């Protein structure tokens, strides 16, 4: 008896789908690609969306096919791009009032021509027709402009952008460099898609994140600082952003903060002391590694050939200053080393009571990696949880707890 083996082919996109997160899992994104040279960036963009779980359906204008080949887009998404509309009426299926409608229309890059056509309901390409259907069905739309700088300054184009914003279309601002309005970074685009498709549970909230290490000057050359990358704070800021909050980040110099977030920079405890009075937020999270000590700074450079004494004085507690200036829910962080979990819990509870915190996250330095951590979460009501997980997952849990009250 002959035995026939059936082999099911799986497109290579499935090898990476969901490899970074499942935040876009189960979501279908229609990716509209227009005739900007920035179309070459769409391969990496589409694959990054897939890494977070998204199913990306590409749609190309004729001009876009002259810049990047449809086969390349097929490779990037696992789907043949829609390059013309026919009897299958894909624009209605994907963007109309149907049960099979996609979750988001993302047009990236979007030329001045395409933006203006969408603003005036002109649909003469597959991309603009998708947009007309999406506008009519109230489907979420994100547009990412890319063009020469002089075009982006055109008053009528700016009016068209504002017109679309007034109708609920979300724009991801371009990077204005070298006289060009270059397409936003891949991360900024993906973050914006995640926010648009997020649960929006913090849409009415202002969230402040303070992250990174302080640096106290010893002299004009040297500083005393704490070990911290600021990564946990950035993950918390992104989580709040995904959930629709108005997010502001106070970050030390050197901490890489995504472009779409409002950032204020600090270096010293004194900088944070000055900023504390500006804390206008409903929720404040402080994973920053703030120095407990100040130094009487030497003028010039201390000689390395002679013994030198550095005198330390107690620094003000930023958590205390924040509590004095605001009624916000404050989430503190407590890092220790060389002690047991029982003592860690005791010190964290003391800190929580001292500054009226709603929650505190405590850990031992030896349990913290670049992207992973073991953390004890203590709440004002006495509840306690211990997790060993990625820092991005910790951010999700923290906001889940805040959401639950």
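How far is helix 391-404 tilted off the main Cα axis of the chain, in degrees rounded to 10, range 0 to 90?
For 391-404 against the chain, the angle is about 90 degrees.
Please give the FRET efficiency for residue 384 paired with residue 304, using the beta carbon to beta carbon distance and R0 = 51 Å, rounded to the nearest 0.05.
With R0 = 51 Å, the Cβ-Cβ based efficiency is 0.60.
For a bin width of 10 Å, list the pair-distance distribution of the range 73-203 built from all Cα-Cα distances, rounded to whole %.
Reading the bins upward from 0: 12, 41, 37, 10, 0.
Of 94, 341, 164, which is the most mobile in a GNM of the chain whose springs link Cα atoms less than 10 angstrom apart?
Among 94, 341, 164, the largest mean-square fluctuation in the Gaussian network model of the chain belongs to 341.
Just to compare against my own numbers: the Cα pair-distance distribution for the range 126-254, 5 Å bins, whole % per bin, please.
2, 9, 13, 15, 17, 14, 12, 8, 5, 3, 2, 1, 0
Expressed as a whole percent, how much of the Cα-Cα distance distribution for the range 243-301 exceeds 14 Å?
Result for the distance tail: 64 percent.
Using packing as a proxy for protection, rank 169-176, 102-109, 40-47, 218-225 so that the peptide with the highest average count of other Cβ atoms within 10 Å comes first.
102-109, 40-47, 169-176, 218-225
What ranking do 91, 11, 74 get, fewest neighbouring Cβ atoms within 10 angstrom at the top?
11, 74, 91
Could you give the angle, 0 to 90 degrees to the nearest 10, between helix 155-166's Cα long axis and the longest principal axis of the Cα atoms of the chain?
That works out to roughly 80 degrees.
From the C-alpha coordinates alone, can you work out the Kirkwood hydrodynamic radius of the chain, in Å?
23.9
Counting only Cα, what are the radius of gyration and maximum Cα-Cα distance Dmax of the range 30-130, in Å?
Taking only Cα atoms of the range 30-130, I get Rg and Dmax of 12.6, 35 Å.
From the P(r) of the range 272-403, could you give the percentage of C-alpha pairs in the tail past 27 Å?
Roughly 30 percent, once rounded to a whole number.
Quick one: order 138, 374 by neighbouring beta-carbon count within 10 Å, fewest to most.
With the fewest neighbours first, 138, 374 line up as 138, 374.
Can you give the angle from 0 to 90° between the axis of helix 186-196 and the longest principal axis of the chain, with both taken from C-alpha atoms, to the nearest 10?
Compared with the principal axis, the helix lies near 90 degrees.
Given a Förster radius of 60 Å and the C-beta distance between residue 72 and residue 226 as r, what FRET efficiency does 1/(1 + (r/R0)^6) yield to the nearest 0.05?
It comes to 0.85.
Cα-based Rg of the range 133-183 per 2.2 N^0.38 Å, rounded to two decimals?
1.23
Laboratory data are not the source of any read-out in this text; all were calculated from the coordinates shown. Quick caveat, the model's predicted, so the values are computed rather than measured. Please note: Cβ atoms are built from the backbone with ideal geometry, for glycine as well, and neighbour counts cover all protein chains shown.
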